[in-house]
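Everything below concerns the one structure shown next.
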Amino acid sequence: MKAILDHVGIAVQDVEKALAFYRDALGLEVEAPEDVTSQHVRARFIPTGQASLELLEATAPDSAIAKFVDKRGPGIHHVTLRVDDIGAAIEHLKARGIRLVDDRPRPGAEGALVAFIHPSAAHGVLIELKQAAPRRPTLAIKSLSLGDLRLTVLHDGGFRLDGGAMFGVVPKPLWEKLAPPDDRNRIQLATRPLLVEAAWGRMIVDCGIGDKMGPKPTDIYALDRAQHLDHALVELGLDSSSIDFALATHLHFDHFGGATMRVGDALKPRFTRARYLIRAAEWEDATHPHERNRASYLPEDFVPLAGAGAIEFFETDGEIKPGVRVVRTGGHTGQHQIVYVESRGQTAVFVADLIPTTAHLQDPWVMGYDLFPVDTLMFKKHFIHEAIEREYLIVFEHDPHIAAGYIRETANGKRSVEQVL
Ligand SMILES: [Zn+2]
Ligand SMILES: [Zn+2]
C-alpha cells in the first residue's frame, strides 16, 4: 500500500487560544474554519508544505474530541494517511487481521472518503485513511485577443466519465496520477465551448451538455450544473439571442447537447437567432448510429434543429467564416473535426476530443471511446508536432482546470502545457 501523510489532527480545548500559538507565535497561515456537524467538531486547517496540521475543537459535549480532551487532555488525536484506493486499502488490512474502526469507507469532509484504523493496531495512534475527492473543475471565464478576433473560453459546468474509457489502453497506475478517479472510477472533466467574436458576428464552437438530461444520466455522468453556460453568457452581458453561429466539432451529447433546450413539451434551438453549422457527413453518422456510438448521439440534441430550419450544412474542410477554419481529424468519430482560429499571424486551435485534456498530451494516450483510435493517433502525432513548432494556443475543451495554453516539449520528449487561460 502506498500512503502519503495528509495531515495530523490535534485536539484542542479552545481553537482561538490555540491559534495564538500556531498562527500568531509560529506565524503559520490558517484556513477558514470548517464545521463537521456530523462529528460535532470545528476544524481549522494549517497548511505546512505537503501535509497540514488540523486543529480540532469539540462543538458539543458528546463529540469524540470532547471525550478525548476530557480523558487525556489536548494533544495529537489522529494521523491521516492519504491513499489512492481506500477500498483496496481496507481489504489489504482486513486480509492481515488488522483491527479497524470502519470496515468500509464513509464520507468525510469535502467529498473525501475516510476510514479509521483502531489505535490498538497502530501502537497507540488513531490512524485515519483518506481518499481525496477529485477537485471540482475550475470554471472561470477568460478572454484574450487574437489579432482582430476576441476569444472567450466559456464553460457549461462539470461532468465525469469513466477514467478507463478516457485513457484507452493506458493502465490506471499511469493515468490516475494525472486524473485522480472518484469512488466510481470517474475522472473530473469540464465542458468549455469557445466564443469567437469578430466583425461578422459571434460564433460559439460547441454548446456544452445543456439541461435536458434526466436523473439517471445526471447521476452516471455526475453532471454539475451549479455553474453552466447561461451563467457564463450572463457574466459577459450576453444571452441566448446573442449568438449568430453555433459550430459543431461533432454531435456527441457533451459537445452539442446544449444546442437545444426543452420549452414545455417542445424541443427548440437553444440559441434563438443562430445558424447551426454542422458537417453533413457527421449529421449522417449521428442520425444513423450503431451499437457502439448510440449512447453518445442523442437525437434530441440535434434533430430539433433541422425541424426549426436552423442548420447550415457544409461538406468539406475549409474556412467557415473569415478566420475560422475546420479540419477533419476522424478518429474519435469518423467526421470529428478541430477548429483553427487565425488572425494576423496568430493561431488558436479548439481541439475538442482530439486532445480532450492536458493529461492526453502523449501520443498513445487516446480515449477508449474513439471509434478509430489509430486514426486519432496518426493525426495527433502530426498535429502536436505542428502545434509545438508554430506555437498554437490550444483550447482544451474537457480539461477540468486548464482552459488553454501552449504545448511544450523537452529534449527527452516529455510534454507539458504552459497555461494561458
Ligand atoms: Zn466526443
Ligand atoms: Zn467529448
Exercise. Which whole-Hz ³J(HN,Hα) couplings does segment 120-133 yield from phi under the Karplus relation 6.51 cos²θ - 1.76 cosθ + 1.60, θ = phi - 60°, glycine and proline marked x?
Worked result: 5, 7, 10, 6, x, 10, 7, 10, 9, 9, 9, 10, 5, 6
Exercise. For the charge dipole of the chain, defined by +1 on Lys and Arg C-beta atoms and -1 on Asp and Glu C-beta atoms about the Cα centroid, which residue among Ala11, Val366, Ser343 has the Cα displaced farthest towards the positive pole?
Worked result: Ala11
For this session: Please list the non-local residues whose amide H lies under 5 Å from the amide H of Ala190, H modeled 1.01 Å from N, same-chain partners needing a gap of 5 or more.
Result: Phe159, Asp399
Exercise. Given labels modelled 7 Å from the Cα in the Cβ direction, how far is it in nm from Glu291 to Arg262?
Worked result: 3.0 nm
For this session: Please report how far the C-alpha centroid of segment 279-318 lies from that of segment 31-102, rounded to the nearest whole angstrom.
Result: 52 Å
Problem set entry | Eligible lysines near Lys380 by straight Cα distance, threshold 30 Å, same-chain separation 8 or greater | Lys142, Lys172, Lys177, Lys321, Lys414
Seminar exercise, completed: Non-local residues with an amide H under 5 Å from the amide H of Gly368, with H modelled 1.01 Å from N and Pro and chain starts lacking one, are Met166, Phe167, Gly168
Exercise. Got a sec to turn the phi values of segment 11-23 into Karplus ³J(HN,Hα) couplings, 6.51 cos²θ - 1.76 cosθ + 1.60 with θ = phi - 60°, whole Hz, x for Gly and Pro?
Worked result: 7, 10, 6, 8, 4, 4, 5, 5, 5, 4, 8, 5, 8
For this session: Output the Kirkwood hydrodynamic radius of segment 187-284, Cα pairs only, in Å rounded to one decimal.
Result: 14.1 Å
Exercise. Can you sort His7, His360, His123, His252 so the residue with the fewest Cβ neighbours within 10 Å comes first?
Worked result: His123, His7, His252, His360
For this session: For segment 207-345, give the share of DSSP beta bridges that are antiparallel, in percent and rounded to the nearest 5; count only bridges with both residues there.
Result: 60 percent
For this session: Grab the Cα-Cα distance for Ala95 and Leu144, subtract it from 0.36 nm times how many residues apart they are, and report the gain in nm with one decimal.
Result: 12.1 nm
Seminar exercise, completed: Two pseudo-spin positions, 7 Å from Cα along C-beta at Asp62 and at Tyr406, lie apart in nanometres by 6.2 nm
Problem set entry | segment 350-421 pair-distance distribution - Cα-Cα, 10 Å bins, rounded % | 21, 57, 22, 0
Seminar exercise, completed: Taking R0 as 35 Å and r as the Cβ-Cβ distance between Asp102 and Ala25, the FRET efficiency 1/(1 + (r/R0)^6), rounded to the nearest 0.05, comes to 0.45
Exercise. Rounded to the nearest 0.05, what FRET efficiency is calculated for Phe314 and Arg184 with R0 set to 45 Å and r the Cβ-Cβ distance?
Worked result: 0.70
Problem set entry | 222 nm mean residue ellipticity, helices alone, for the chain (DSSP H n ≥ 4; -39,500 (n - 2.57); rounded to 500) | -5500 deg cm²/dmol
Exercise. Mind checking the alpha-carbon convex hull of the chain and giving the volume per residue in Å³?
Worked result: 186 Å³
Seminar exercise, completed: Quick note on Arg104, Arg136, Arg270, ordering by fewest other C-beta atoms within 10 Å, gives Arg104, Arg136, Arg270
Exercise. Using the Cα gyration tensor of segment 15-57, with a ≥ b ≥ c the square roots of its eigenvalues, what is the shape: rounded (a/c below 1.5), prolate (a/b larger than b/c) or oblate (neither)?
Worked result: oblate
For this session: Sort segment 272-395 into rounded, prolate or oblate with this rule: let a ≥ b ≥ c be the square roots of the eigenvalues of the Cα gyration tensor; rounded if a/c is under 1.5, and if a/c is not under 1.5, prolate when a/b is larger than b/c, oblate otherwise.
Result: oblate
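Readers should treat all values here as calculations from the given coordinates under stated rules, not as data from a laboratory. Note that the coordinates shown come from a computational prediction; the quantities given were computed from them, not determined experimentally. Counting neighbours? That spans all protein chains shown, and the Cβs are built from the backbone with ideal geometry, glycine included.
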